[in-house]
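Working notes for the structure below.
The values are calculated or read from the model by the stated rules, or taken from the named source; none is laboratory data. Predicted model only: the values in this text are computed from it and were never measured. Positions of Cβ are generated from backbone atoms using ideal geometry, with glycine treated the same way; all protein chains shown enter the neighbour counts.
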């Protein structure tokens, strides 16, 4: 019996000795050996996850598109001499003695800012007409720090586009995209200089295509709508696709506060290219014209005219002596086709006619008393529109 107690004591002593050695050398082993719920671990033994230095960009990043397009987007600063303003105390000797310099500051130049896009290595820059309109001086600032004075090559108030030119070398021209392949839901980036804070990139999607009847422009509205943040100062900047290609020129926003509400509008690159080419070639855009005042056909008007469809455009007025008047078009006629192209609505009619060359002869089909009549018409040249301010 005594021998058994000695054997038990020796076993316990050896076990305690082993436990002491193990916990002293490797404390974290203790819990594993004896199944303890409390595992002891030193801070230095916790594994850390670190991305390798050569990690590829996360999926969904648009850094490459921004990197390609950003050098092509410039800041535009314009100034014009303010109209002389007679301060109420300007002629008072006492006030001029103390405040003369400050009173004279009222006569300084008015400065505004916007954005533009370099479209040619030859120095052509696209922007909005309302950015450079009536400017006495135009300065363009590139992302590489260079600055240059610019001159206006030509402008088109009806699409709110303008082409200016700078004299610098090695200019990074943007690549024109294919807006006809764009779809609602596509990701787009807006690049510009909002509020003068510096070049900024914002992201959104295409919210709608072919937006018109907005009242932003008088005639030729065909906008890309986007929720990418566009603010004052973004005007004339680039709307690009995820490959860095130009889809449109940012032009206007819908806002009650002056800031972005997620409803911005850009002029599509198809319109931009045709206007740009015409301005560079001829200094202006020449459009077809027939001299009518059109109106959309509402369901109520269709019912009163006894029409089964609402397609076409009602001729509300005819310019006396104009192309339409000479062709025999009368107020109350409904223009349903011109030059072989069906007319969907008023905006569609204006677009089709504008694309026709002046002094060319074509056919127009009108509904008169629910009877189709074909008339021969000679297209005239659309008078140049006056500029208007978009308030952005």
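A few points about this structure:
- Annotation: of all residues in region 295-318 being over 15 Å from residue 335 (Cβ atoms) and under 35 Å from the mean Cα position of the chain (by Cα), the one that is surrounded by the most Cβ atoms within 10 Å (Cβ to Cβ) is 298.
- Within region 274-286, none of the residues are surrounded by fewer than 20 Cβ atoms within 10 Å (Cβ to Cβ) and part of a strand (DSSP E or B).
- Some residue of region 151-160 being within 23 Å of residue 228 (Cβ to Cβ) and surrounded by 13 or more Cβ atoms within 10 Å (Cβ to Cβ): yes
- Residues that are closer than 22 Å to residue 266 by Cα and either part of a loop (DSSP other than H, G, I, E, B) or modelled with pLDDT under 95 (or both), drawn from region 117-127: 119, 120
- Helices (runs of 4 or more DSSP H) contained entirely in region 296-368, each with at least 1 residues that are under 21 Å from residue 217 (Cα atoms): 346-354
- Number of the exception - residue 148 against (1) surrounded by fewer than 18 Cβ atoms within 10 Å (Cβ to Cβ); (2) outside any loop (DSSP other than H, G, I, E, B); (3) touching a helix residue (DSSP H, G or I) at 6+ places or on another chain (Cβ under 8 Å); (4) at pLDDT 80 or above: (3)
- Of the strands (runs of 3 or more DSSP E) lying entirely inside region 167-245, those containing at least 2 residues that are surrounded by 13 or more Cβ atoms within 10 Å (Cβ to Cβ) and either outside the structural domain of residue 277 (by TED's automatic domain parsing) or without any contact (Cβ under 8 Å) to a residue 60 or more places away in the chain (or both) are 200-211, 223-226.
- Criterion: over 15 Å from the mean Cα position of the chain (by Cα) and within 28 Å of residue 112 (Cα to Cα) - qualifying residue of 222, 231, 193, 212: 212
- Under the condition of being over 17 Å from the mean Cα position of the chain (by Cα), crowded, with 17+ Cβ neighbours inside 10 Å and part of a strand (DSSP E or B), the residues counted in region 128-145 number 4.
- Within region 222-251, tally of residues that are over 16 Å from residue 184 (Cα atoms) and touching a strand residue (DSSP E or B) at 6+ places or on another chain (Cβ under 6 Å): 12
- Matching residues in region 362-385 - criterion: being exposed (fewer than 11 other Cβ atoms within 10 Å of the Cβ) and under 41 Å from the mean Cα position of the chain (by Cα): 383
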